[in-house]
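Q: I have a structure here, written as structure tokens, and I will follow up with some questions on it.
Bear in mind these aren't lab numbers, they're just calculated from the coordinates by the rules spelled out. All figures in this text were calculated on a predicted structure; none of them were measured in a lab. Backbone-built Cβ (ideal geometry, glycine too); neighbour counts: all protein chains shown.
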Amino acid sequence: MDEWKKWRPETLAVQAGYVPGNGEARVLPLYQSTTFKYNDAQSVADLFDLKTNGFFYSRLANPTVAAFEEKIAALEGGVAAVATSSGQAANAMAIMNLAQAGDHVVAASSLYGGTVSLFSNTLKKSGISFTFISPEASEAEIAAAIRPETRAIFAEVLANPALIVLDIERFAAAAHRHGLPLIVDNTFPTPVLCNPFRFGADIVTHSTTKYIDGHASSLGGIVVEKGGFDWGCGRFPGLTEPDESYHGVVYTRDFPACPYSVKLRAQLIRDFGVPQAPFNAYLSNMGCETLHLRMERHSANALALAEFLKRHPKVGWVNYPGLADSPQRDLCQKYLPKGASGVLCFGVRGGKAAGEVVMNSLRLAAIVVHVADVRTCVLHPASMTHRQLSEAEQIAAGVSPDLIRVSVGIEHIDDIVADFDQALNRVG
Ligand SMILES: *Cc1c(COP(=O)(O)O)cnc(C)c1O
């Protein structure tokens, strides 16, 4: 059963998480059922008390979702994963599993717009405070933001849309020196291009809505635990002291292999009701079967389009960390050696108005509020995903008014390039 733990990512993407028995379905079945049948009451009571493992209600666990969780945990090299209804839910639960009213979190400022508003509005209103620092902060600058009540450091591995590659080792070192876990959102690289646990991250989150599903068909998120973090320093009573809502369970004592994940599922998924739907996990799992092939093509196409745009006279600037002359080249080679993923940003000469002409003239590439699926698409963050942020927050998140974000798909690169060429040539 544990043989798959030795498999390479390409094999895990296809096969991990579901091992059919004799005569069973070859493909992971969709358990489209809210509940599960038992022959005696004690079995169900034991499940409720976390004494045995099993399925009783799909808000907590479901066999299709569990197989998907096991696949992503295997791909990331973690001990456990909890799938959520969306990437937003994953990041909210990842923080709330450690921090409550009165606590504090240090976060990189270059983040997905939804994460910025989650942190600086909704979680702030519930009493968790945040200090935003540059994703390029030095270890001393990171340390300066840490307070006695800090509970975690949060950053994106490849920031959306600033495309800053995080120096994971530096952030992990600063976090660990203060007894804190580093939580990273690995949505853009995916576990195929980067395994943050290898560089010291402790918790990884994903919006599986993006490359993992890969086909823009289902929302989802996931939180993955590396395992082995020392929660016993006194800062995490929620993990080390009895949980009265579970008859005094102590997560670090009773579930030493994956206390963070058991707590997240047992308390937060239970109470907030944000599990991944079985059908979404079924689709995300199927999409994930080709993740390794798609990431190769997304990365190659994005690099080729970035190189084309750089040479185009109508283009003012291009940001793609995989470009040979990118200021992020060294970080990219260290953390993303297999490819810099499929997202690039550029600005058209003439600013926002000229950029609008280009976006409106594209035919193959569509304007959609999405990123990271097989179809090439564009988006203008300042008026779309980052619209609810103040101008200062937009700048801190790396969103200039002229920035166009391109999610490069897996179509033929010549067709993608031709589309951008004709659109750019419409700018007067
Ligand atoms: C999209 C995205 C999210 C939010 O995910 P949803 O599935 O849309 O809720 C979080 N982080 C990053 C980096 C994203 O790109």
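Q: Sorting check: for 242-250, 347-355, 84-92, which peptide has the highest mean count of neighbouring beta carbons within 10 Å, and how do the rest follow?
A: 84-92, 347-355, 242-250
Q: So how long is each side of the chain along the principal axes, counting just the alpha-carbon atoms, biggest first, in Å?
A: Taking the Cα atoms of the chain, the three principal extents are 74, 56, 35 Å.
Q: Compare the peptides 396-402, 152-158, 358-364 by average per-residue count of other Cβ atoms within 10 angstrom and give them in order, highest first.
A: 152-158, 396-402, 358-364
Q: Related question: Need one number: nm distance between label points at VAL357 and GLU296, each 7 Å from Cα along Cα→Cβ, rounded to one decimal.
A: 4.0
Q: Turning to a different aspect of this structure: Between HIS215 and LYS5, 0.36 nm times their residue separation minus their Cα-Cα distance comes to what?
A: Gain in length upon complete extension: 72.9 nm.
Q: Run the reach check for LYS310 against lysines, Cα to Cα strictly under 20 Å, same-chain hits fewer than 8 apart removed. What comes back?
A: Here the lysines satisfying the reach criterion relative to LYS310 are LYS352.
Q: I would also like to ask the following. To the nearest Å, what is the center-to-center distance of region 88-164 and region 181-229, using C-alpha atoms only?
A: A separation of 16 Å, based on Cα centres.
Q: Something else: Please name which of ALA73, ALA45, HIS386 has its Cα lying farthest along the dipole of the chain towards the positive end, using unit charges on Cβ (Lys, Arg +1; Asp, Glu -1) and the Cα centre as origin.
A: HIS386
Q: When ranked by the protection proxy of mean other Cβ atoms within 10 Å per residue, highest first, what sequence do the peptides 52-60, 163-171 form?
A: Listed from highest to lowest mean packing, they are 163-171, 52-60.
Q: First check a/c for region 162-214, with a ≥ b ≥ c the square roots of the eigenvalues of its C-alpha gyration tensor; if it is under 1.5, answer rounded, and if not, answer prolate when a/b is larger than b/c or oblate otherwise.
A: Prolate is the answer for region 162-214, as a/c is 1.5 or above and a/b outweighs b/c.
Q: Here is a further query. Alpha carbon centre of region 395-428 versus region 270-334: separation in Å?
A: Result: 14 Å between the Cα centres.
Q: Starting from the 7 Å offset along Cα-to-Cβ, what nm value, one decimal, do you get for the label separation of LYS125 and TRP317?
A: About 3.5 nm, to one decimal.
Q: Where the convex hull is taken over the Cα atoms of region 291-424, what is its projected area averaged over directions, in nm²?
A: So the mean shadow area of the Cα hull is 7.9 nm².
Q: Relative to a virtual label point 7 Å from the Cα of ARG59 in the Cα→beta-carbon direction, which members of region 230-251 show backbone nitrogen distances below 16 Å?
A: 245-246
Q: Among rounded, prolate and oblate, which fits region 121-169 when a ≥ b ≥ c are the square roots of the eigenvalues of its C-alpha gyration tensor, a/c under 1.5 means rounded, and a/b larger than b/c means prolate?
A: Here region 121-169 falls in the oblate category.
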